[in-house]
Amino acid sequence: MSARFAVGESVKVRAAFPPGHVRTPFFVRGKTGRVTEVLGPYRNPEELAYGRDGEPALPLYRVIFETAELWDDYRGAPKDTTVVDIYENWLEAP
Amino acid sequence: MAHDHDHEHGHDHSHQPHPFQPDLEETPLTHYQVMTQAVGDLLVEKGVFSAEELRAMVEAIDAKSQAAGARMVAHAWADPAFKARMLEDVNKAAEELDIDAGGIPIRAVENTEGVHNVIVCTLCSCYPRLLIGLPPDWYKSRSYRSRTVREPRQVLAEFGTTLPDDVEVRVHDSTADLRYMVLPARPAGTEGWDEEALAELVTRDCMIGVTLPKSPNA
């Protein structure tokens, strides 16, 4: 399976709130970050959680965000960052 | 209530019940504890493995500590080529030291002068157990999981780790298929130390990223 996004590309996490087992944390939904690594295909956890085979596998990405962009009143330093592993079905072009 | 302690039956006042630690059996089992026990019993009954094998496996998992991770970090400090291989692929690098890091891919994230890394799993408690042992209770707490992404510098300060604003605090939320460990920076003042001595400085908490390695002067 070829990955849709490349290292360095900006990506936006879908602002979706589906029911069920989802491994995309709420605090990055709707936020824009940058791909730092394409980790390869991993079986879809949203399917695996219900005893299915998780196929087709999804490309998994490491996405880095500026922490101050994630929280309105972030009190840390402006250069602080947060890296989250996100499956491709949650990412779109910004 | 007045008591007449001269009276030989003066102990008729009601005693406050003494607080006691509940027995294990008095703590209700959760659904998954019951299921785990049932599946374990069934597998033993069916002869998939023996009770002794099951016991030994639990014992082996419980016995995991930070020692393997510390040995890898110390070797990485001593050998830059190994460090590069470890940053590339922790599981493979572990094999070089006869350490079994397991089948789940583990990444090491390196602390540098400008970046301090800290690991959290906001969704559950993912953790590289084979390299740094069982996670501490606080790692699994909702407070650590929610606050480390929300206010990492305050959380670090509570662990005694205060970082200047020109150091980037980089929080890694390991919510998916990989596990993460921090490769701390080698403390100054350890030039010429052998790996065994270096490994003594590498604590579990500094591989989670909530602290720095022990000071060589301590």
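What follows draws every value from the coordinates through simple rules; no lab data is involved. Worth saying up front: this structure is predicted, and the values here are computed from it rather than measured. We place every Cβ from the backbone using ideal geometry, glycine too, and count neighbours over all the protein chains shown.
Hey, got the dipole for the protein assembly as shown? About the Cα centre, +1 on K and R Cβ, -1 on D and E Cβ, debye to the nearest 20?
Working: 32 positive and 50 negative charges, 300 e Å.
My answer is approximately 1440 debye.
For chain B, B:CYS124, B:CYS206 stand unpaired, since no other cysteine beta carbon lies under 4.7 Å from theirs. All C-alpha to C-alpha distances of the protein assembly as shown, sorted into 10 Å bins beginning at zero, yield P(r) values of 5, 21, 29, 22, 12, 5, 4, 2, 0, 0 percent in whole numbers.
For the segment B:159-172, counting C-beta atoms of other chains within 10 Å of every residue's C-beta and taking the mean gives 4.
Over chain B, dividing the summed -39,500 (n - 2.57) contributions of all DSSP H runs of at least 4 residues by the number of residues returns a 222 nm mean residue ellipticity of -11000 deg cm²/dmol.
Find, among the chymotrypsin sites (Phe, Trp or Tyr not before Pro) in segment A:2-94, those assigned to loop by DSSP (not H, G, I, E, B) with at most 16 other beta-carbon atoms within 10 angstrom.
On the way: sites: A:PHE5, A:PHE26, A:PHE27, A:TYR42, A:TYR50, A:TYR61, A:PHE65, A:TRP71, A:TYR74, A:TYR87, A:TRP90; in loops: A:PHE5, A:TYR50, A:TRP71, A:TYR74.
For chymotrypsin sites (Phe, Trp or Tyr not before Pro) across segment A:2-94 that sit outside H, G, I, E and B with at most 16 neighbouring Cβ atoms in 10 Å, the list reads A:TYR50, A:TRP71.
How would segment A:10-92 be classified by its alpha-carbon gyration tensor: rounded, prolate or oblate, with rounded meaning a/c under 1.5 and the a/b versus b/c comparison settling the rest? Cα axes put segment A:10-92 in the prolate bin.
Would you mind telling me which residue in B:PRO19, B:PRO152, B:PRO135 has the biggest mean-square fluctuation in a Gaussian network model of chain B, where springs connect alpha carbons within a distance under 10 angstrom? Maximum fluctuation in the GNM of chain B, among the listed residues, is at B:PRO19.
Using just the Cα positions, wrap segment B:129-218 in a convex hull and report its mean projected area in square nanometres, one decimal place.
Values: hull surface 28.0 nm².
With every direction weighted equally, the projected area is 7.0 nm².
Listed by chain and number, the aspartates and glutamates placed with their C-alpha closer than 13 angstrom to that of A:LYS79 are A:GLU66, A:GLU69, B:ASP165, B:ASP166, B:GLU168; residues fewer than eight positions away on the same chain are left out. Only lysines eight or more places from B:LYS83 in sequence, or on another chain, were considered; those with a Cα closer than 21 Å are B:LYS92, B:LYS214.
Per-residue mean of foreign Cβ neighbours for B:141-154 is 3 (Cβ atoms of other chains, 10 Å radius). Seen against the Cα atoms of chain B and their longest principal axis, helix B:67-78 is set at about 30 degrees.
Given R0 = 25 Å, the distance between the Cβ atoms of B:ASP166 and A:ILE64 translates into a calculated FRET efficiency of 0.85.
Largest GNM mean-square fluctuation among B:THR161, B:THR30, B:THR148, using chain B with Cα springs under 10 Å: B:THR30.
Amide H contacts under 5 Å for B:ARG107: B:ARG179, B:TYR180, B:MET181, restricted to partners 5 or more places along the chain or on a different chain, H placed in the peptide plane at 1.01 Å from N. Relative to the first principal axis of the alpha-carbon coordinates of chain B, what is the inclination of helix B:31-45, with its axis defined by its Cα atoms, in degrees from 0 to 90 and to the nearest 10? It is inclined by approximately 80 degrees.
Note on chain B: with a GNM built from Cα contacts shorter than 10 Å, the maximum mean-square fluctuation among B:PRO80, B:PRO22, B:PRO187 falls on B:PRO22.
Kindly identify segment B:67-208 as rounded, prolate or oblate by the Cα gyration tensor criterion: order the square roots of the eigenvalues as a ≥ b ≥ c, call it rounded if a/c is under 1.5, otherwise compare a/b with b/c, prolate if a/b is larger, else oblate. The partial results should precede the final answer.
On the way: a/c = 1.84, a/b = 1.25, b/c = 1.47.
It comes out oblate by the Cα gyration axes.
Per-residue mean of foreign Cβ neighbours for A:67-77 is 4 (Cβ atoms of other chains, 10 Å radius). For the protein assembly as shown, the share of DSSP beta bridges that are antiparallel, to the nearest 5, is 55%.
The A:ALA49 and B:SER50 beta-carbon pair, evaluated with R₀ = 35 Å, returns a calculated FRET efficiency of approximately 0.65. Note on the protein assembly as shown: dipole from Cβ charges, positive end direction compared against B:PRO187, B:ALA78, B:ALA108; the farthest Cα belongs to B:ALA108.
In what order do A:HIS21, B:HIS18, B:HIS172, B:HIS75 fall by count of nearby beta-carbon atoms within 10 Å, going from fewest to most? If you can, show how the numbers build up before the last one.
On the way: A:HIS21 12, B:HIS18 5, B:HIS172 26, B:HIS75 19.
Ranked by crowding around the Cβ, least crowded first: B:HIS18, A:HIS21, B:HIS75, B:HIS172.
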